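The values are calculated or read from the model by the stated rules, or taken from the named source; none is laboratory data. All values reported here derive from a predicted model rather than from experimental measurement. Cβ: placed from backbone, ideal geometry, glycine included. Neighbour counts: every protein chain shown. We work out accessible area using only protein heavy atoms, side chains counted, and drop any ligands, DNA or RNA first. Shrake-Rupley method; radii C 1.70, N 1.55, O 1.52, S 1.80 Å.
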Amino acid sequence: MLIPFHTARIFDDWPFYVKSVESIPGLIEFIKIVNQWHMHLFFLLAGASSYFALKFRSRKEFVIERIKRLFIPLLFGVAVIIPPQSYLRLFGDVRRVWPEWAAQYFIGGPDYQKSFFAFYTDYFNGPFPEGNFEWGHLWFLAYLFVFP
């Protein structure tokens with residue numbers, strides 16, 4: 001469900017990284033339905049996995065495994081995977097790509113001239129929306145790491 005859900009987000013009316021100029025009502029309904037239960041299911045599965053993992057590992061082994069499986073991928077993703085998403089968002093329509101409360105911080109648009117590599121140095125200038133740094137879709141890894 002993760003990939004179809006996020007792909008459908010391109011065609012709904014709510015802010016997202018990349019948006020189509022057209023909305024598709026059927027996909028909006030799909031998003032509304034899936035959005036009611038899919039995150040709850042992810043957290044249920046994560047909690048059950050932690051419960052069973054602790055039956056076969058010491059606390060130290062559990063923490064070391066979480067660092068390897070969650071924290072290191074989170075660091076990699078925040079440094080490598082998320083910056084292109086944040087960069088592409090700067091070229092979108094401010095009303096469709098940015099939440100209304102964050103639009104005041106929008107620095108992009110059709111006239112945005114920085115290359116990705118120039119933007120990358122600005123990526124670490126503070127947390128979104130005042131800055132560009134964010135963990136984007138990887139927030140789930142951060143939450144799983146903090147809440148075992």
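Remarks
- Extents of the range 1-78, largest first, come to 52, 26, 14 Å (Cα atoms, principal axes, whole angstrom).
- Taking a Cβ cut-off of under 11 Å around Tyr17, the surrounding Lys, Arg, Asp and Glu residues balance to a net charge of +3, with basic ones at +1 and acidic ones at -1.
- Reach of Lys19 by Cα under 27 Å, taken over lysines that are not fewer than 8 positions away in the same chain: Lys32, Lys114
- Label-zone membership for the range 123-148, site Lys55, 7 angstrom Cα→C-beta point, backbone N under 20 Å: 148
- Set against the labelled values (i) 2, 9, 14, 14, 11, 8, 7, 7, 8, 7, 6, 4, 3, 1, 0; (ii) 2, 11, 20, 24, 23, 13, 6, 2, 0; (iii) 2, 8, 14, 17, 17, 16, 12, 8, 4, 2, 0, 0, P(r) over Cα pairs in 5 Å bins from 0, in percent computed from this structure falls on (iii).
- One quarter of the surface of the convex hull around the alpha-carbon atoms of the range 77-148 equals 5.1 nm², the direction-averaged projected area.
- Here is how the number arises for the chain: DSSP H runs of 4 or more residues each give -39500 (n - 2.57), the sum is divided by the residue count, and the result at 222 nm is -14500 deg cm²/dmol.
- For the range 1-68: accessible area per residue (Å², 1.4 Å): 72 Å²
- Taking Lys and Arg as +1 and Asp and Glu as -1, the other residues whose beta-carbon sits under 10 Å from that of Asn132 total -2.
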